[in-house]
């Protein structure tokens, strides 16, 4: 049997006979804490340790020496690797020559009556007592091996691996036939139906919105999402749909989902394993709303609606509306969040209402929407909500437009792509998690508001509940760890533009990074005119291409300084300073009729 006959990412627990064989070759078990200090040694086929499993550190490592192999494992979120101990340099040798990878399952049984067992106390010298003995029984999960390595193993281990491999192959083939190995879809969307009638969608934040389904703790699922407008934008060459979009309907989120065991005060760890556009809709859009209907970051200068349609070619995208541009997507969700509690929801509505009242007579902000209060029009609270709940959600439900510190929500962080982990506070029983607003690509700031490459897509997520995580981690707002995937541009392959807290009228503002970033964007638009792009094309591009926005300085009064890095390699011609200027006919983005 060769390694090619096995699939590495699938594992199967070996038979009881194999488990018995694994016990037969055990010589001793060593317990280690997270720092690597030995907690105790116990020879024989079982292992004992004075440790209270309810207080176990997630990083605690347990190592088992078995003939010439050590099996390192962790309980719960632990991993196990079989490593060769025939040399002091066992880590290097394992990676280069052994090629065997196993997983061990644990059966834990505390035995408090053996607390004074002399053989154990002899090794346990610091006198700590945190709960009694725990006996460990082992079972084996085969991950991968190769024939060339079997001959070097001791006979019991060789028989064990071969027996487990045979059972693995049979069970895996059966799973392939039955479809059991496939990741479950927690929700699938129908793009032909009105989003406002679909039971798996909602467009407000409220604790009383009924859950659509249940996801187990530590389960991996696929979740499909419609585009954030619910299908209001078409693949065409007119921006009339951008002009006429109904913003009372947005955002359409998939969920909410009950996450088993999640309770207020916990943290929901969202591990993003994959995000892709739906194969049945391989295109997306970037838009600019009319100033009087949503507007955008630069609507004082560019008040008219516009649109670009993007087609996907594998990991890359191009558009007929902005010729000469091609780049790889960094696909991600714009919105991840758990439902607010009634208390948190009241906090949101109170403070945002106070902002609206305070800005009502403001000379600059009085004519703008500074926040979006509850809106009873076009409320969608899922398919099973009663009329009473729908009315309550309409009167109290928070709009999905802003992100908020208590739960995250619409943060539009372009680096939350494959491999990212997000830690979300839980405020209600079951968490009531929702996701949506998927993007094929986005620039920092998403400056046109409808500014990413908006898509209908599918996201694959693993969910883990961290009990009492808000207190233990000291979190008041979400945190995230970005994944390793992002578009690659070489050193020196960005042009960085600078902006300061002086607006287009020459007015000085005090450390205003918003004014500074707006000026930064305008500098890029001015620069790109000479190559043949009209201003709306560049405005759209800065919103959805993988541009890098940064606050360079925020303390040097009176000016904040912001920068925007434009990757030069997304263009099929040279835009570097000093390049020969050839003004091209680069068409125009989609515009609205009069």
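The values are calculated or read from the model by the stated rules, or taken from the named source; none is laboratory data. These figures come from a predicted structure and were not determined experimentally. Don't worry about glycine lacking a Cβ; one is built from the backbone with ideal geometry, like all the others, and counts go over all protein chains shown.
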So the strands (runs of 3 or more DSSP E) completely within the range 225-341 holding 3 or more residues that are within 18 Å of the chain's Cα centre (by Cα) and under 26 Å from residue 183 (Cα atoms) are 253-259, 267-277, 332-338
Within the range 414-423, is even one residue farther than 30 Å from residue 314 by Cβ and touching a helix residue (DSSP H, G or I) at 6+ places or on another chain (Cβ under 8 Å)? yes
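Residue 434 - would you say it is part of a loop (DSSP other than H, G, I, E, B) and modelled with pLDDT of 95 or more? If you could, list the steps in order and put the result at the bottom.
Working: part of a loop (DSSP other than H, G, I, E, B): no; modelled with pLDDT of 95 or more: yes.
No, not satisfied.
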Check: Just to be sure, is residue 506 within 22 Å of residue 580 (Cα to Cα), in a loop (DSSP other than H, G, I, E, B) and not assigned by TED's automatic domain parsing to the domain that holds residue 424?
Finding: no
Condition set free of Cβ contacts under 8 Å to residues at least 24 places away in the same chain and closer than 21 Å to residue 565 by Cβ, scope the range 489-514, selection surrounded by the most Cβ atoms within 10 Å (Cβ to Cβ): answer is 514
Taking first residues from the range 457-473 that are at positive phi and second residues anywhere that are at pLDDT 95 or above and crowded, with 17+ Cβ neighbours inside 10 Å, the pairs with Cβ under 9 Å that are 6 or more apart or on different chains are 468/266; 468/267
Scanning for something surrounded by fewer than 19 Cβ atoms within 10 Å (Cβ to Cβ), in a loop (DSSP other than H, G, I, E, B) and touching a residue at least 60 places away in the same chain (Cβ under 8 Å), does the range 557-572 turn up at least one residue?
-> yes
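Quick check on residue 364: is it at pLDDT below 95 and either crowded, with 17+ Cβ neighbours inside 10 Å or within 29 Å of residue 239 (Cβ to Cβ) (or both)?
Values: at pLDDT below 95: yes; either crowded, with 17+ Cβ neighbours inside 10 Å or within 29 Å of residue 239 (Cβ to Cβ) (or both): yes.
Here the answer is yes, as residue 364 does meet what is asked.
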In the set 445, 409, the lone residue that is touching a strand residue (DSSP E or B) at 6+ places or on another chain (Cβ under 8 Å) and outside any loop (DSSP other than H, G, I, E, B) is 409
